[in-house]
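A.B. asks: The structure is given below, and queries will be raised subsequently.
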């Protein structure tokens, strides 16, 4: 596969886009189910199918869409909906910062297109990759998830009142299960232990002490601060990759010279 060179700096690599879409295939069931749940909720709140699909196209943020649709009542001021969704989406500030290696040196239009198609899921899958040089992988996953998400919206909307309470069927737990699985692929070794523990503790404390979804930012902030405090200045990217490879060999008994694959396999999770 060809790697992006200077002549490709402003373009997405088609082959990488395809690989990004394929990498997100395991997310299809949960994405379409979660999208269908939103479709059911939108139908019950009186939104038209066109309004729902327009929202999915322009917003493309599942949690924010759920909150805005749930608050879609005449008695709720528009400002309340805007503030609520803005708070939820503040996590994308941290997500965007983590994607700096993906968009470094790219034109503004590439950054805009790529970031618009960032969802939590394709971001998590992208961050498991060893080579973050081409934003096409991120875009491919985003396009795939966007199409599946819209298909789920349509299916759920047409079902309408057929699923009066999605929680009865545990459909609301679909994405929680997905992220529990994705964390395996994001584990890079012992260097992640303290930040992960700090993020978990911060989220738990925030859940019981902060209103709404502020616990998400509390956990993310705790993890980021801990990662910054425990970062070793002498560890550049090459030495970090070497450490990860050594840990992987020790855990799986792999021969010298082998490393991680960057996929969602057990080898990549060590």
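A.B. asks: Collect the residues in segment 36-81 that are within 16 Å of residue 118 (Cα to Cα) and touching a residue at least 60 places away in the same chain (Cβ under 8 Å), keeping them in residue-number order.
C.D. replies: Matches in segment 36-81: 56, 57, 60, 62, 63.
A.B. asks: Identify all residues within segment 68-121 that are surrounded by 16 or more Cβ atoms within 10 Å (Cβ to Cβ) and in a loop (DSSP other than H, G, I, E, B); write none if there are none.
C.D. replies: Within segment 68-121, 71, 72, 99, 106, 117, 118, 119 qualify.
A.B. asks: Next question, about the same structure. Out of (1) farther than 30 Å from residue 228 by Cβ; (2) at pLDDT below 85, the odd one out for residue 94 is which?
C.D. replies: (1)
A.B. asks: Related question: Is it the case that residue 175 is surrounded by 16 or more Cβ atoms within 10 Å (Cβ to Cβ), in contact with a helix residue (DSSP H, G or I) (Cβ under 8 Å, 6 or more places away or on another chain) and either at pLDDT below 65 or assigned to a helix (DSSP H, G or I) (or both)?
C.D. replies: For residue 175, the condition - surrounded by 16 or more Cβ atoms within 10 Å (Cβ to Cβ), in contact with a helix residue (DSSP H, G or I) (Cβ under 8 Å, 6 or more places away or on another chain) and either at pLDDT below 65 or assigned to a helix (DSSP H, G or I) (or both) - is met.
A.B. asks: If you go through segment 236-250 one residue at a time, do you hit one that is part of a helix (DSSP H, G or I) and at pLDDT 80 or above?
C.D. replies: The answer is no, given that none of the residues of segment 236-250 is part of a helix (DSSP H, G or I) and at pLDDT 80 or above.
A.B. asks: Turning to a different aspect of this structure: Going by the structure shown, is residue 28 buried (at least 18 other Cβ atoms within 10 Å of the Cβ), touching a helix residue (DSSP H, G or I) at 6+ places or on another chain (Cβ under 7 Å), within 20 Å of residue 155 (Cβ to Cβ) and in contact (Cβ under 8 Å) with a residue 12 or more places away in the chain? Break it down into steps so the answer makes sense when it comes.
C.D. replies: Working: buried (at least 18 other Cβ atoms within 10 Å of the Cβ): no; touching a helix residue (DSSP H, G or I) at 6+ places or on another chain (Cβ under 7 Å): yes; within 20 Å of residue 155 (Cβ to Cβ): yes; in contact (Cβ under 8 Å) with a residue 12 or more places away in the chain: yes.
Against the criterion (buried (at least 18 other Cβ atoms within 10 Å of the Cβ), touching a helix residue (DSSP H, G or I) at 6+ places or on another chain (Cβ under 7 Å), within 20 Å of residue 155 (Cβ to Cβ) and in contact (Cβ under 8 Å) with a residue 12 or more places away in the chain), residue 28 does not qualify.
A.B. asks: Can you spot a residue in segment 150-168 that is crowded, with 16+ Cβ neighbours inside 10 Å, out of contact with any strand residue (DSSP E or B) (no Cβ under 7 Å at 6 or more places or on another chain) and at pLDDT below 75? Show your work before the answer.
C.D. replies: Step one: filter segment 150-168 for residues crowded, with 16+ Cβ neighbours inside 10 Å, giving 150-154, 156-157, 163, 166.
Within this subset, residues satisfying the condition of being out of contact with any strand residue (DSSP E or B) (no Cβ under 7 Å at 6 or more places or on another chain) are 150-154, 156-157, 163, 166.
From what is left, the residues that are at pLDDT below 75 are 163, 166.
Yes: segment 150-168 contains one or more residues that are crowded, with 16+ Cβ neighbours inside 10 Å, out of contact with any strand residue (DSSP E or B) (no Cβ under 7 Å at 6 or more places or on another chain) and at pLDDT below 75.
The values are calculated or read from the model by the stated rules, or taken from the named source; none is laboratory data. From a predicted model like this one, the values you see are computed outputs, not experimental measurements. A quick note on method: Cβ atoms are made from the backbone with ideal geometry, for glycine too, and the neighbour counts reach across all protein chains shown.
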